[in-house]
Amino acid sequence: TFQDKNILCSFVGNLTANHITPNVRNVMYSELSNNPKFKMINSGGWTPNVNKTLQQIFIETTINSKFALAPRGYGRSSFRFFECFQLGTIPIYLWNDEEWLPFKDFIDYNKLCISIHISKINELENMLLSITETQYNEMFSYYNEIKHLFQLQGMSEHIVNNF
């Protein structure tokens, strides 16, 4: 529950910037890594053979976090966005050029998660601290209403029925 999570916000992942993700992760890390309310772990990169210890650190850290950073990856979205929900944590989607979230015409992301442009990263702590336990729980309730859209059958049905 909200009270049991002892980390306000976390990130376990790769910080490598490239021509596709120019500085989103580096800016995130440099702005938040010295703040004790944020647990930031540079994994040094993921490979197809994920180190078991690193995998366990990612899972335990995310489960114990109220929020987890899900910065855009090589593409504009982030696998971590969906992993966070599966681990019982609200994701914070960080983007730099275009907010790339699916089904925006059906999903109210303001009720579901935090989506923030990297240029506003210095406002994040205050945003998170202002979210009450009730608001936090409402985010999970809304997720439970729409999570079928993030699963193969629900997504396929949505596409067939609406497009």
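A few points about this structure:
- Filter pass, Ile121 being aliphatic (A, V, I, L, M), touching a Leu at 6+ places or on another chain (Cβ under 9 Å) and within 24 Å of Phe38 (Cα to Cα): yes
- Here the helices (runs of 4 or more DSSP H) wholly within the stretch 35-119 that include at least 1 residues being closer than 16 Å to Lys147 by Cβ and among the aliphatic types (A, V, I, L, M) are 109-112.
- Taking the stretch 46-63 as the range and being touching a strand residue (DSSP E or B) at 6+ places or on another chain (Cβ under 8 Å) and open to solvent by 60 Å² or more (accessible area, probe 1.4 Å) as the test, the residues that pass are Trp46, Ile57.
- Annotation note: of Asn161, Asn126, Asn122, the sole residue that is touching a residue at least 24 places away in the same chain (Cβ under 8 Å), open to solvent by 50 Å² or more (accessible area, probe 1.4 Å) and over 14 Å from the mean Cα position of the chain (by Cα) is Asn122.
- Subset of the stretch 32-45 (residues that are touching a Leu at 6+ places or on another chain (Cβ under 8 Å), open to solvent by 60 Å² or more (accessible area, probe 1.4 Å) and at pLDDT below 95): Asn42
- Restricted to the stretch 94-112, and to residues there that are in contact (Cβ under 8 Å) with a residue 40 or more places away in the chain and farther than 22 Å from Ile159 by Cβ, the residue that is least open to solvent (accessible area, probe 1.4 Å) is Leu94.
- The single condition from (1) farther than 30 Å from Glu157 by Cβ; (2) touching a strand residue (DSSP E or B) at 6+ places or on another chain (Cβ under 8 Å); (3) of a type in the set (A, V, I, L, M, F, W, C) that Ala70 fails is (1).
- Of all residue pairs spaced 6 or more apart or on separate chains, those with beta-carbon atoms under 6 Å, a first member in the stretch 136-153 that is over 17 Å from Ile114 (Cβ atoms) and a second member that is open to solvent by less than 30 Å² (accessible area, probe 1.4 Å) are His148/Gly154; Leu149/His158.
- Residues in the stretch 134-154 that are open to solvent by 70 Å² or more (accessible area, probe 1.4 Å) and either at pLDDT 95 or above or in a helix (DSSP H, G or I) (or both): Thr134, Gln135, Asn137, Glu138, Asn144, Glu145, Lys147, His148, Leu152, Gln153.
- Unmet criterion (only one of (1) at pLDDT 80 or above; (2) of a type outside the set (Val, Ile, Thr); (3) out of contact with any helix residue (DSSP H, G or I) (no Cβ under 8 Å at 6 or more places or on another chain)) for His19: (1)
The values are calculated or read from the model by the stated rules, or taken from the named source; none is laboratory data. Remember, it's a predicted structure, so these values are computed and weren't measured experimentally. Positions of Cβ are backbone-derived with ideal geometry, glycine not excepted, and every protein chain shown enters the neighbour counts. Note: accessible area is taken over every heavy atom of the protein model, side chains too, but ligands, DNA and RNA are not part of it. Shrake-Rupley method; radii C 1.70, N 1.55, O 1.52, S 1.80 Å.
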